[in-house]
Amino acid sequence: MDELLNDFLAETSEHIDAAGEQLVLFERDPSNGGAIGKIFRLFHTIKGTCGFLGLTRLEQLTHVTESLIGRLRDGAPATPETVSLILTTVDRVKFILAWLANTASEPEGDDNALIEALQANLNSSASPPAEATEEVPAPTAPAASAETAPLAETATGSGSVEIAASPMRSTATRTASNRAETIRVTVGALERIMILVSELVLTRNQLLEITRHHEDATVKAPLQRLSSLTTDLQDAVMRARMQPLGRLFASLPRLVRELAVDLKKKLYLVTEGADTELDRQLVELIRDPLTHLLRNCADHGIESPDKRLALGKPEEGTIKVNATHEAGYITIDVSDDGRGLDLERIRYKAQAKGLVNAAEAKNLSDDEIGRFIFAPGFSTSPSVTSISGRGIGMDIVRDNIESIGGSISVTTTAGKGTRFSLKIPLTLAIAPALILEVRGHHFALPQHSVIEAVRIDSDSGHSLERVQGSLVLRLRDEVLPVADLEQVLDLEAKGVDNGALVIVMRVSSRVFGIIVDAVTDVQEIVVKPLSASLAHLEVFSGHTILGDGSVVLILDPTGIAGRIGFERASDYTVGRTVETYVPAEENTRFILFRAGPGALKALPLSLVARIECVPASEIRQSDGNFVMQHHQQIMPLVPLIPADQALSEDDNPVLVLGIGGESMGLLIEEIVDVVEARLDVQIAGVSSSVIGTAEIRGAVVEILDATHFMRIGRPNAYSRGFANQFWILLVDDKPFFRDMLAPLLIAAGYRVTTAGSGEDALALFDRGAHFDAVVTDTDMPNMSGYALAHQLHSDSRRASLPVIALAAHAAPSVVQAAAESGMCGAVGKFDRPALLEMLSRILESHHLNKHDLESSIIGAAA
Amino acid sequence: MNRNALRVESETVDSRALHGDKETHCFIVYVGGEAFGLAVDCVQTIFQIEAVTPVPLGPQEIVGLVNLRGKIVTAVSLRRRLQMPDAQPAKSALAIGMEYRGENFALIVDEVGDVIFLNPQTQIALPPHLDQHRAKLTEAVYRLDQGILSMLNVGCLFDFQRRV
């Protein structure tokens, strides 16, 4: 690509992000002349350069925008419409820039509509005369002043508000002499330097270790020098990789503005510490978690304006993002002044999900209760919104943060607000670690997950106790589960046991200890990933070379917790037994209604196609059955009301159930409510029309068996459509996908069993399990999905068993490989509709060819 | 391939083989008194292992991790791989540095031998009653004047049954 164009793109892309942010800042505080001045200069620069480079589309667009911004700068009121319009333009410019970066030419099409809208806005904002915008070449003077004091400008502009006050942002207006002080370096080059420095640090450590044993005065002084230089170099390179968080914060005002519009709330964002620096790799990695937290604050934390006023709070909710640097870590606090977490609800929900029992739940502190929001699939929001969704989220945020060696915590005060604290290490490449000794073996344990080390002897007052054979440590007022690392790792004793030290660690919300012999050292280690043949060992996260040249394995606290059995409570696939999979945490929406005497009745809302109110005149009796006329068709009605009860004249509620393309109605007395609750049938039903009795929201209800009524109302459709309860075996080595896909399949009406590997899947078949189809990941260790398909089909009993391949993407190569392995097809893991469509198509054709299967299904369902 | 690493052994290499068209050259190693051939292309270096860090819970054939000039390599015992008992007492650990699929391995053997040429015409069928496990690791068998030589399949050699 053209060198000039390249420079233009690099420069402009960096600043266009800032433009949106400045604009929001300006909208909030129209007296902030600095902000609008910056945007104006940015558009002016883009326009000028476009003309020079012959980019006409961009030039036209920026020209009219510049005029509009010029108006604002000269004091025209910044109406929300104008700001939105300019933000749209910013997006369009970004789009064109991205296109340019890819193809080196402007995209086809024009921006006439947008330009017209801008022009219209420009004409309507009746403010200073047109020549103001024509004085375009002038802004060199304000530019120069902005440059000399970019920090002071924002400081005076908005008090504590300091959004992206990084000096880097004002480079748009730098003069040529200034520009010479920075050069662009590719990220790859920086990475390479970082790796070399890491290696140098290792070699330095080795040298130091050698000279510790061979005292040599001639070498000592230069070695000391080498050592300190290496440390300085490491520091300098780390700094070169650092980026101010302002880069990340720059996108937040825009996000909050959009959230405010979507949620119809008034939001005010305060960011502090934008100049805090972080390794560039990490800046990108925390972008998503941070965005998610902000959405959460805006959606769930901050109340609606009316409510806030009623509570005596300012109408405008404040979200504060604050970054500080302390001792090798960056702390980012995201806080709001909203309603705070509903701890009672969380406590109730944690109990309902079986994360704690009732007795435990009562004794947990508020902080401990708050931590449950990071449990997988935990959401207390009764409403589903497009902003933060529900059910997924905080657990993924936590996973993301923990995967980079950070941690997340939450504190909350009811009615006052919630504060999330993210603790992020400065860099990923080099981490401080404890070197542990266990029976003569050495291991490195990253310090970030270690809480403390407790010596176990009579002097320390701490002792290990056994609860039915399991070790626990009584530490202050807590009792922690403890495991001996020797046993966890199945170590061969090489040395003598010299007394026990318990290292207390935290993994997600669980605290546990491991017993080791000693901590021999604390070193900065350069983490290297394990090679492929060892990568399956969950207890290790990598390996490294220590100062003495020895290789040590790096322990993975999460893996150890898993191996000991401190699995996450929600990991319901642990048992891997042949049982119908029951989604432990799925809430069902029920429609509650009155029909006949006794308890309220309930049906899952998903079975109800719609609710109609039918006048008595449309309900007829035919052939001894109730029917109603419905869209020129006769729909059978099953009355759930007592036979002697008279129909209301014009308002009889009917629940319309859809089955196999036909519908039928249930005639009921009155609809009471629609609630969301976990289905927990406590007493099984005696009559065939009732599944059982359950408690929903404190009331006793009868859960009706829709299939019973379908059989009465639409016997044919029932056997054809609804009864197709196929049993699917889902094979994937990653719990994430099992957890994601299993509920999906269940929701689609299948019965699901999951297996974590091809071997486990085969074992299920060997034990005599029957499945109607297998959905398998293709890429698994040991046995690939293709190999599994081969193995399955090699048995004559299963020669025609449909197997569907799951891959990251259904690439042609995957589809071909699947076909060659005798699979029915391949789908992408994230392509839900395709998976369901393929399953139903395959099972249907499979099913039509097998009459015995059909009868067996009908038999089973009956 | 890295000829420098093999310079000592390459004395037995004659010019015919260096330009040899269809002939394979093979590096001979010994374990438990048996000779095995490795394709020279995979062999990078020969070194003495000084310190090994065992990998708990890892495959049994993996003796541990070794620092080879600042690189961490996975040490694999050919004896264990071939289901032979460990040498008693352990001889000095002589290892062949090899690379397979981007991963660095050190294959621990008892002794190293020469680099020789294998005439494709001397290849014979795998004896049908060969131990199944061994058969999997064997790429081909050659009939030489001094005996029968099995060429090992490097891919299978470093493809471990993962057990947890």
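What is the calculated FRET efficiency for residue B:111 to residue A:191, with r their C-beta to C-beta distance and R₀ = 51 Å, to the nearest 0.05?
Efficiency computed from Cβ-Cβ geometry: 0.75.
How about region B:67-158: which trypsin sites (Lys or Arg not before Pro) there are in a DSSP loop, with at most 13 other Cβ atoms within 10 Å of their Cβ?
B:69, B:91, B:101
With unit charges on the beta carbons (Lys and Arg positive, Asp and Glu negative) and the dipole taken about the Cα centre of region B:24-157, which residue among B:151, B:82, B:35 sits farthest to the positive side?
Value: B:82.
Using only Cα atoms, what is the ratio of the radius of gyration of region B:24-157 to 2.2 N^0.38 Å?
This ratio for region B:24-157 stands at 1.04.
Please state the charge dipole magnitude for region A:187-242, taken about the Cα centre, from unit charges on C-beta atoms (+1 on K and R, -1 on D and E), reported in debye and rounded to the nearest 20.
With Lys and Arg at +1 and Asp and Glu at -1, about 140 debye.
Quote the FRET efficiency, to the nearest 0.05, computed for residue A:674 versus residue A:232 with a Förster distance R0 of 45 Å and r equal to the Cβ-Cβ distance.
So the FRET efficiency works out to roughly 0.10.
Between residue A:808 and residue A:700, what is the label-to-label distance in nm when each label sits 7 Å out along the Cα-to-Cβ direction?
Each label point is offset 7 Å from its Cα along the Cβ direction, giving 5.6 nm.
Under the definition of partner shielding as Cβ atoms of other protein chains within 10 Å of a residue Cβ, what is the mean value for peptide B:97-108?
Across B:97-108, the average partner-chain Cβ count within 10 Å equals 1.
Given a cut-off of under 8 Å on Cα pairs at least six residues apart, what relative contact order in percent is computed for region A:187-242?
Over region A:187-242, the number comes to 61 percent.
Could you work out the mean count of beta carbons from other protein chains within 10 Å of each residue's beta carbon in A:546-553?
Mean partner-chain Cβ count within 10 Å for A:546-553: 5.
Using all Cα-Cα distances in region B:25-65, what percent lands in each 10 angstrom bin from 0 up to the longest?
P(r) over region B:25-65, rounded to whole percents: 22, 36, 38, 3.
Over region A:439-564, how many percent of alpha carbon pairs lie in each 5 Å bin up to the one with the longest distance?
2, 10, 20, 23, 22, 13, 6, 3, 0, 0
For region A:187-242, what D do you get in µm² per second when you plug the Kirkwood radius from alpha-carbon pairs into Stokes-Einstein at 4 °C and 1.567 mPa s?
107 µm²/s
Between the DSSP loop rule and a limit of at most 14 other Cβ atoms within 10 Å, which trypsin sites (Lys or Arg not before Pro) in region A:745-809 are left?
Answer by residue number: A:767.
Where in region A:401-482 are there trypsin sites (Lys or Arg not before Pro) that are in a DSSP coil and have at most 10 other Cβ atoms within 10 angstrom of their Cβ?
Passing both the DSSP loop test and the Cβ count: A:476.
Since every read-out is calculated from the coordinates, none of them should be taken as a lab result. None of the values given here were measured: they were computed from a predicted structure. Every residue, glycine as well, gets a Cβ built from its backbone with ideal geometry; the counts of neighbours run over all protein chains shown.
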